[in-house]
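Beneath this line is the structure, given in structure tokens, with notes to follow.
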Amino acid sequence: MKAAFYTLGCKVNQYDTQTMQALFLKAGHELVPFGQEADVTVVNTCTVTATGDKKSRQMISRARAASPNGVVVVAGCYAQTAPQAVLDLPGVYVALGNQNRGAVVSLAERAFYGREKIDAVSDIFAAREFEELPAQPEEKTRATLKIQDGCNRFCSYCAIPYARGPVRSRSLENVVKEVERLCGLGYREFVLTGIHLASYGVDCGHTLLDAIRAVSALPGVRRVRLGSLEPHILTREFCAEAAKNPKLCRQFHVSLQSGCGTVLSRMNRRYTPEEYEAGVALCREAMPEAAITTDVIAGFPQETGDEHEETKAFLRRVGFARLHVFPYSRREGTRAAALPDLPKAVKEARAKELIALGKEMTAEYLNAALGSVQEVLFEEPDGQGRMCGYTGTYIHTAVEAERVRQGDILPVKLVRREGETVVGIPVGSAL
């Protein structure tokens, strides 16, 4: 069979797609690009916002149009939360959800050869074990490694606990084995990720620090990067330990959602702006060079103009290297769905203000980095005669291609900014 894949959503979804691709290859099937005619197209979906649901349906429709004689397998969060709605879509034969991915090939074969409609979505709240599947990373230099799944937090706006189930952690032994395997394939940077990464180990007696130590100790690992974190992880112990680890990238994405205490309370976020700010201060005290990035929801239900301004003032005060901004999206079944929503125009206007503020802060951060020397992992050419990659602080950096090779990790002096890319010169080169 020829199999095509399309992934929506987060890095965890990207990793899950890579595990399914590896299973198809192991079974002797051929992978083809999405949009080419395929016998099976797997669409790995997202449901974090209403836009995610809409895009998922659009890509399912595109998969059907590209391969009218093929079958569509729908995996991921949208399938998990709405399996019957998914199976009712034209061309869809399998609803898979977020468990049983190890059976994706046999399910696809049954659907393709037997034209059988299959609801393979299981009760996600019954999931207790991490689903151990090896990945086939698409990037050639950096590998994303899922070490945790599920979330027990139930923020009032979020559908993800209903789509991903309770916290499950990958065993430390299997984390190490997977990294060793990927080191053997030439990967040097590893991004540890999960649905609620800070909860890693609560179900098996370990902590995220244990995972960081174990991966960093492997001789083939040059860099360890962390996915999205919750602010409670930024304790004095965590920051001190992180500062001692030269392989740990100095970029921390610390989820915020709002800089206003009353809004955070309605969100059920379980921390105050003051606690968040104190955690960031500990991080910067231990690692002054650290880049702090975050995400913010604009226009949460009942958010007043004053509360919005409070968030803007908080963002300016803390200072971030990058903001990811999302207008609030109502999700059925969550507690926030019962609250009166703000008009769409208000949410969009507030999001636009926060996006503009984020661009200002990114420019300030990049300008401040000019003149510094930072190690860059070079990943791919940009089509303009340059090789590009990222610093440990996640600054996108471009260098003349003849001076570096893909996979090199080299010290680079950052000399000028072009939008959100910084142009650099390898240390030792003539200025």
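The values are calculated or read from the model by the stated rules, or taken from the named source; none is laboratory data. What you are looking at is a predicted structure, and each value in this text was computed from that prediction instead of being measured. For neighbour counting, all protein chains shown are included, and Cβ atoms are generated from backbone atoms with ideal geometry for every residue, glycine included.
Miscellaneous remarks
- Screening VAL86 with (1) out of contact with any helix residue (DSSP H, G or I) (no Cβ under 9 Å at 6 or more places or on another chain); (2) outside any loop (DSSP other than H, G, I, E, B) gives one miss only, at (1).
- Single unsatisfied condition, PHE300 versus (1) over 17 Å from ARG330 (Cα atoms); (2) in contact (Cβ under 8 Å) with a residue 12 or more places away in the chain; (3) in a loop (DSSP other than H, G, I, E, B): (1)
- Taken together, the criteria exclude THR311 from residues that are among the β-branched types (Val, Ile, Thr), without any contact (Cβ under 8 Å) to a residue 60 or more places away in the chain and surrounded by fewer than 18 Cβ atoms within 10 Å (Cβ to Cβ).
- None of GLY194, GLY165, GLY186, GLY150 is at pLDDT below 95, in the same structural domain as GLN257 (by TED's automatic domain parsing) and either on the phi > 0 side of the Ramachandran plot or within 21 Å of the chain's Cα centre (by Cα) (or both) except GLY186.
- Residue match in the stretch 174-183 (condition: part of a loop (DSSP other than H, G, I, E, B) and touching a residue at least 12 places away in the same chain (Cβ under 8 Å)): no
- Qualifying residue in the stretch 93-107 (condition: basic (Lys, Arg) and not in a helix (DSSP H, G or I)): no
- Among (1) within 25 Å of ARG225 (Cα to Cα); (2) in contact (Cβ under 8 Å) with a residue 60 or more places away in the chain; (3) out of contact with any helix residue (DSSP H, G or I) (no Cβ under 8 Å at 6 or more places or on another chain), the one test that ARG335 misses: (1)
- Test result for GLY383, touching an Asp or Glu at 6+ places or on another chain (Cβ under 9 Å), on the phi > 0 side of the Ramachandran plot, at pLDDT below 95 and small (Gly, Ala, Ser): no
- Test: residue in the stretch 147-167 that is surrounded by fewer than 24 Cβ atoms within 10 Å (Cβ to Cβ) and in contact with a strand residue (DSSP E or B) (Cβ under 6 Å, 6 or more places away or on another chain): no
- Flag for LYS140 being charged (D, E, K, R), surrounded by 16 or more Cβ atoms within 10 Å (Cβ to Cβ) and on the phi < 0 side of the Ramachandran plot: no
So that you can scan it fast, the table gives a plain yes or no per residue for (1) touching a residue at least 12 places away in the same chain (Cβ under 8 Å); (2) small (Gly, Ala, Ser); (3) part of a strand (DSSP E or B):
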position	(1), (2), (3)
CYS388	yes, no, yes
GLY407	yes, yes, no
VAL412	yes, no, yes
ARG417	yes, no, yes
GLY424	yes, yes, yes
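- Top-ranked residue in the stretch 140-173 [being small (Gly, Ala, Ser) and not in a strand (DSSP E or B); ranked as farthest from PHE378 (Cα to Cα)]: SER156
- The set of residues from the stretch 70-96 being surrounded by fewer than 24 Cβ atoms within 10 Å (Cβ to Cβ) and aromatic (Phe, Trp, Tyr) comprises just one member, TYR93.
- As a summary of the residue check, ALA38 satisfies the conditions (1) hydrophobic (A, V, I, L, M, F, W, C); (2) within 13 Å of VAL105 (Cα to Cα); (3) crowded, with 18+ Cβ neighbours inside 10 Å except for the one numbered (2).
- Search result, residues across the stretch 257-283 that are closer than 15 Å to THR311 by Cα, touching a Leu at 6+ places or on another chain (Cβ under 8 Å) and outside any strand (DSSP E or B): SER258, GLY259, ARG266, TYR271, THR272, PRO273, TYR276
- Residue in the stretch 28-39 that is of a type outside the set (S, T, N, Q) and either under 30 Å from PRO166 (Cβ atoms) or assigned by TED's automatic domain parsing to the domain that holds ASP149 (or both) present: no
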